[in-house]
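What follows is a single structure, written as structure tokens, with notes after it.
The values are calculated or read from the model by the stated rules, or taken from the named source; none is laboratory data. As the structure is a prediction and not an experimental result, all values here were calculated from the model. Reconstructed Cβ throughout: ideal geometry from the backbone, glycine too, with neighbour counts over all protein chains shown. The accessibility values were calculated without ligands, DNA or RNA, using every heavy atom of the protein model including side chains. Shrake-Rupley method; radii C 1.70, N 1.55, O 1.52, S 1.80 Å.
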Amino acid sequence: TAQVIVQRFYIKRSFVDFKVDFAAMAAVWLASKLEETPRALRWILQVFYRIERRRKGLPLTPLEYSDPIFSNWKANVTVAERYMLREFGFSIQVEHPHKLVLVLLSPQVLNASSKLTQEAWNLLNDSLRTTACVRFNPETVACAMILLASRRLGHLLPDNPPWWEMFNVSLEQMEECIGLVSRLYTLPKAESIPVWKDLSDD
């Protein structure tokens, strides 16, 4: 849910105006509320602080409430969440394709193997690293990842009648989504580029 929120937000706003770190923290905080598993902001800040120190090879010490980093992050994340809510018109609904995949691959529908189900699930998770969640509806993404999983494993699925048509999904849409996700595996490892403009420096 947090990944979808981040993708939607940066479709509308620039990486220059909003630091990805704070947007990610705000998205996780907001997602916890949407999924009715709210987490205190201080817990989220602690997790991101630990991740940052691990990446830098620093000792994994907790973020103290008296630390200036804590107050700075808390203020920035709070602002980022408000901007997100405003961009979304204070109405956020996230539907994931994962449930649809489980239904389609169940014994009652396509009767797929557990290996195919796991592969489709993994591809769905990877698709969140692309813009698929904002370019296609959940039904298209679900059907596309099932088709891609079957191709990768060499598992044949019945196509007469085409099973994807029950969700009004076209083969052309699926192929476009498959191409988008497949390109992900050809890209080099992502590196963070500092493009955020700290307005406080002006």
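Restrict the check to region 67-79 and report whether at least one residue is assigned to a loop (DSSP other than H, G, I, E, B) and not β-branched (Val, Ile, Thr). Working first, answer last.
Kept after step one, since they are assigned to a loop (DSSP other than H, G, I, E, B), are these residues of region 67-79: 67.
Cutting the leftovers down to not β-branched (Val, Ile, Thr) gives us 67.
Within region 67-79 (the criterion being assigned to a loop (DSSP other than H, G, I, E, B) and not β-branched (Val, Ile, Thr)), the answer is yes, since at least one residue qualifies.
Among the residues of region 90-119, those that are open to solvent by 100 Å² or more (accessible area, probe 1.4 Å) and either part of a loop (DSSP other than H, G, I, E, B) or β-branched (Val, Ile, Thr) (or both) comprise Phe90, Gln93, Glu95, Gln108, Asn111.
The number of residues in region 151-174 that are in a helix (DSSP H, G or I) and over 20 Å from Leu123 (Cα atoms) comes to 2. Number of residues in region 74-132 that are among the aromatic types (Phe, Trp, Tyr) and over 16 Å from Ala2 (Cα atoms): the value is 1. Of the listed requirements (1) surrounded by 12 or more Cβ atoms within 10 Å (Cβ to Cβ); (2) more than 30 Å from Ala132 (Cβ to Cβ), Ala40 misses just one: (1). When region 1-31 is limited to residues that are polar (S, T, N, Q) and in contact (Cβ under 8 Å) with a residue 12 or more places away in the chain, the one that is farthest from Lys99 (Cα to Cα) turns out to be Gln7.
Let's see how each residue does on (1) under 18 Å from the mean Cα position of the chain (by Cα); (2) closer than 15 Å to Glu87 by Cβ; (3) crowded, with 18+ Cβ neighbours inside 10 Å; (4) not hydroxyl-bearing (Ser, Thr, Tyr):
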residue	(1), (2), (3), (4)
Val6	yes, yes, yes, yes
Phe9	yes, yes, yes, yes
Met25	yes, no, yes, yes
Leu45	no, no, yes, yes
